């Protein structure tokens, strides 16, 4: 999945959860943590694999439920014990876990089997492409391939689903009051 698709899936999960539990739209500051959570696995594992050769593929500890699950449980326990931070842990955790779920569902939508090895590091591995391309070159090749699909006159059914997902979640985000940008501005402005 592309970063914006991970963000869309994460926002969909988070918005539905907040509406169900609290009965209102998500708060902007927690949406920022959600957004970060949706990107962390790739921000950690892809550079470690594609630039530093720590892993053979871009699926390592930040993509592993065996690492992420316990880490989020510890964070939640600390937040509850300290009686603060539960919304932050929930938002970040939903973002992170939705990323892992997206990485499992996406190949299935292409007709491939569920790649369970992606989320079970270090007990399982996921075979990756054999290439000597670095982080920037590999990301550029993937993006240009994606862009060519978009610009073709015959988009794949998966591409239609991707565009539909991002569009639908964008409309949900607008209906929720577009939470996040104002909170980011306040954070950057120091207020």
Add -39500 (n - 2.57) for each DSSP H run of 4 or more in the chain, then divide by its residues: what number comes out at 222 nm, to the nearest 500 deg cm²/dmol?
-23000 deg cm²/dmol
Based on the alpha carbons, how large is the Rg to Rh ratio for segment 67-143 when Rh follows Kirkwood?
1.10
Highest to lowest packing among 25-33, 61-69, 111-119, 150-158, scored as the average C-beta count within 10 Å
25-33, 61-69, 111-119, 150-158
Work out, in µm²/s and without decimals, the Stokes-Einstein translational diffusion coefficient of segment 22-69 at 25 °C, 0.890 mPa s, Rh from Kirkwood over C-alpha pairs.
202
For the chain, the longest principal axis of the Cα atoms and the Cα long axis of helix 28-50 enclose an angle in degrees, to the nearest 10, of 30
What is the diffusion coefficient of the chain in µm²/s, taking the Kirkwood radius over Cα pairs and the Stokes-Einstein relation at 37 °C with a viscosity of 0.692 mPa s?
183
Using Cα springs under 10 Å in a Gaussian network model of the chain, which residue among 95, 134, 23 shows the largest mean-square fluctuation?
23
For an R0 of 41 angstrom, estimate the FRET efficiency from the Cβ-Cβ distance between residue 174 and residue 83 and round to the nearest 0.05.
0.75
For the Cα atoms of the chain, what angle does the longest principal axis make with the long axis of helix 65-82, in degrees from 0 to 90, nearest 10?
10
FRET efficiency estimate (nearest 0.05) - Cβ-Cβ, residue 154 to residue 183, R0 30 angstrom
0.15
Segment 100-191: proportion of alpha-carbon pairs further apart than 14 angstrom, %
80
Expressed in nanometres to one decimal, the distance between label points 7 Å along Cα→Cβ at residue 135 and residue 74 is 2.4
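Read-outs: derived from the displayed coordinates by stated rules, not from any lab. This one's a predicted model, so the numbers in the text were calculated from it and none came from an experiment. For neighbour counting, all protein chains shown are included, and Cβ atoms are generated from backbone atoms with ideal geometry for every residue, glycine included.
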